[in-house]
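K.L.:
Structure in structure tokens, see below.
The values are calculated or read from the model by the stated rules, or taken from the named source; none is laboratory data. Since the structure is predicted, the reported quantities are computational estimates derived from the model, not experimental observations. Here the Cβ is made from the backbone with ideal geometry for all residues, glycine too, and neighbour counts use every protein chain on show. Side chains are part of the model used for accessible areas, which takes the heavy atoms of the whole protein and leaves out ligands, DNA and RNA. Shrake-Rupley method; radii C 1.70, N 1.55, O 1.52, S 1.80 Å.
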Amino acid sequence: VNTFGDKFRISLFGSSHGNLVGVFIEGLPPGIEIDVGQINLELSRRAPGQSKVTTDRKEIDNLIVETGLFNGKSSGEPFVAFVRNKDVDSSYYDEIKSTPRPGHADYPAFIKYKGSNDYRGGGQFSGRMTIGLVIAGSIAKQILSRIGVNIQAYTLEIGGIRADPILEYINSSFIYSTENIVRVANPESINLLVSEIEQAKEKGDSVGGIVQCEVQNLPVGVGEPIFDSIESRISHIVFSIPATKGVEFGSGFSAAKMHGSEHNDEYYFENNKIKTKTNNAGGILGGLSNGMPVVFRVAVKPTSSISKTQDTVNLEQLADSKLNVRGRHDPCIVPRVIPVLENATAIVILDLILMGNFLSDVI
Ligand SMILES: Cc1cc2nc3c(=O)[nH]c(=O)nc-3n(C[C@H](O)[C@H](O)[C@H](O)COP(=O)(O)O)c2cc1C
């Protein structure tokens, strides 16, 4: 099922080399001003072909809103929007239709769909499917920003090289500035990370990395125990983003090595507000927001489509085979995951906010 969410429900449709990709949204409260320019901006942040560290596939993803918008406001109908696929070169995919790419979804999809899946560009397993997440998420982001909730993701690591964030660069336009093609929150790390990607690319290889995401100013108590805890919902959507392999909240796996006295976040008052001195919980206790920033990290694997020769099998001849993937691919997916993750997170947070009735006084 391609549907996600409870109150703010999204269904994705389309495929990488088909006519279009988009989203069908139900549960968008009526009468909400929606800035289509803002949706296009988020789409352009996700788009390929922006720099030497992303794929050459150049697509200007122009949004078409089919229904759900009237005089600039949500009309109460389902909101249906999509972009057309234009810069599509499917010729190469005929070659690999029976030699599955190691690391991609080609082989399990071939078996599951009995060979009738649209394999061109990875079909529904393509990174292009995240366009629907970005459209829906950018609407969610707009609504959340009206209640002061802000979501920012940035690169923490590429190819094992760390770019520790500097506070002043988080929540700043620097993450998306044209010189910062790796989307770090630390200007001194840009060149190091770029050259890591370039070196891999020169060798016909790819690299992965870690993205950190923060949700600021979330009211206390957002999240629904037990199955719709913030962690469960965020993890669910994170693993719907292709190429993600892990997620950890707050201190994450390192919590296993700490004592309770170290890990507990002690409370104190600051300007009549309750805060914690540390944020090992990543802003979540019992699945509910505790008023501190929600902080989590996502592991992104190295792109599977690489031009280095690899072993594979031929599914028609039932024999071992070799493959070096051609076509246009991201040598590192991390910079493109940043806008996708922010917008996917916004979908979850808006849904939980609607489930907990936190918007009723505002809209
Ligand atoms: C924005 C984005 C762009 C991507 N671009 C590529 C790409 O160019 N080449 C590729 O092999 N995989 C790319 N992927 C990842 C694949 O879609 C993904 O690895 C594949 O569907 C298998 O799914 P899995 O890695 O989650 O198991 C991209 C993912 C995202 C989110």
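K.L.:
Against the conditions (1) touching a Lys or Arg at 6+ places or on another chain (Cβ under 7 Å); (2) farther than 25 Å from Ile39 by Cβ; (3) not aromatic (Phe, Trp, Tyr), where does Arg336 fall short? Just the number, please.
P.N.:
For Arg336, the exception is condition (2).
K.L.:
Do you know which of the residues in the stretch 1-49 that are over 24 Å from Phe70 (Cα atoms) and aliphatic (A, V, I, L, M) is surrounded by the fewest Cβ atoms within 10 Å (Cβ to Cβ)?
P.N.:
Restricting to residues being over 24 Å from Phe70 (Cα atoms) and aliphatic (A, V, I, L, M), the top hit is Val1.
K.L.:
Is it the case that Val134 is closer than 30 Å to Leu69 by Cβ, assigned to a helix (DSSP H, G or I) and of a type in the set (A, V, I, L, M)?
P.N.:
In short, yes.
K.L.:
Give the residues of the stretch 29-83 that are among the charged types (D, E, K, R) and either within 16 Å of the ligand (Cβ to nearest atom) or in contact with a Cys (Cβ under 7 Å, 6 or more places away or on another chain) (or both), sorted by residue number.
P.N.:
Answer for the stretch 29-83, where residues must be among the charged types (D, E, K, R) and either within 16 Å of the ligand (Cβ to nearest atom) or in contact with a Cys (Cβ under 7 Å, 6 or more places away or on another chain) (or both): Glu42, Arg45, Arg46, Lys52, Asp56, Arg57, Lys58, Glu59, Asp61.
K.L.:
Confirm whether Val340 is within 10 Å of the ligand (Cβ to nearest atom), open to solvent by less than 60 Å² (accessible area, probe 1.4 Å), closer than 26 Å to Gly160 by Cβ and not polar (S, T, N, Q). It would help to see each step written out before you state the result.
P.N.:
Working: within 10 Å of the ligand (Cβ to nearest atom): yes; open to solvent by less than 60 Å² (accessible area, probe 1.4 Å): yes; closer than 26 Å to Gly160 by Cβ: yes; not polar (S, T, N, Q): yes.
Yes.
K.L.:
Sort out which residues of the stretch 276-292 are outside any loop (DSSP other than H, G, I, E, B) and either among the β-branched types (Val, Ile, Thr) or more than 13 Å from Ile349 (Cβ to Cβ) (or both), and write them in order of number.
P.N.:
Thr276, Ile284, Leu285
K.L.:
If you go through the stretch 289-315, how many residues are in contact with a Pro (Cβ under 8 Å, 6 or more places away or on another chain) and closer than 17 Å to Asn279 by Cα?
P.N.:
2
K.L.:
Between residues in the stretch 90-110 that are hydrophobic (A, V, I, L, M, F, W, C) and residues that are more than 14 Å from the ligand (Cβ to nearest atom) and modelled with pLDDT under 95, which pairs lie under 8 Å by C-beta distance while being six or more apart or on different chains?
P.N.:
If the second residue must be more than 14 Å from the ligand (Cβ to nearest atom) and modelled with pLDDT under 95, the pairs left are Phe110/Leu315.
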